[in-house]
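The values are calculated or read from the model by the stated rules, or taken from the named source; none is laboratory data. Since we're looking at a predicted model, the values are computed, not measured. With ideal geometry, Cβ positions are generated from the backbone for all residues, glycine too; neighbour counts draw on all protein chains shown. When the accessible area is computed, the model is the full protein with side chains, heavy atoms only, and any ligands, DNA or RNA have been set aside. Shrake-Rupley method; radii C 1.70, N 1.55, O 1.52, S 1.80 Å.
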Amino acid sequence: QVQLVESGGGLVQAGGSLRLSCAASGRTFSNYAVGWFRQAPGKDREFVAAANWNGAATYYADAVKGRFTISRDNAQNTVYLQMNSLKPEDTAVYYCAAKRGIVATEERGYDYWGQGTQVTVSS
């Protein structure tokens, strides 16, 4: 079992930045690929970013490419999502997820999920 707890969400103006954190506990964190997903009101949850076990391989949704950066610190059992140049359409609940094996961009491949953190971007 892996427990994930997100933090760092909040209200920010368009063009601003936020850094989300996801603290993991339980099994050896470096055995897991990690991902960030988000769900806006009235919409399905969607992929945002993912990283392999050591962060050397990263993947991004087209909507956030060049603005968001995923990273991880296995010594601290933490995953980060640096979000820059935020837009109102980035408003959503952001979820951290973890899975064994290779990194994936599909949410169905993820075994463990956090409770989510709200990000609101005002125009």
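Rank Ala33, Ala23, Ala56 by mean-square fluctuation in a GNM of the chain with C-alpha springs under 10 angstrom and give only the top-ranked residue. Answer for the Gaussian network model of the chain: Ala56. Heavy atoms of the protein chains alone define the surface here; on that basis the chain has 50 Å² accessible area per residue at 1.4 Å probe size. The alpha carbon centroids of segment 95-115 and segment 5-21 are separated by 21 Å. Nearest 0.05, what FRET efficiency do Glu89 and Asn54 give at R0 = 41 Å with Cβ-Cβ as r? That pair, Glu89 with Asn54, gives E of 0.85. Karplus-based coupling profile of segment 26-36, in residue order and whole Hz: x, 6, 4, 4, 5, 7, 10, 7, 10, x, 10, with θ = phi - 60° in 6.51 cos²θ - 1.76 cosθ + 1.60 and x standing for Gly or Pro.
Of the accessible area of segment 44-96, computed with a 1.4 Å probe over protein heavy atoms only, carbon and sulfur atoms account for 43 percent.
Evaluated on the chain, the Kirkwood hydrodynamic radius is 14.1 Å, with distances taken between all distinct Cα atoms.
Taking Lys and Arg as +1 and Asp and Glu as -1, the other residues whose beta-carbon sits under 12 Å from that of Val2 total +2.
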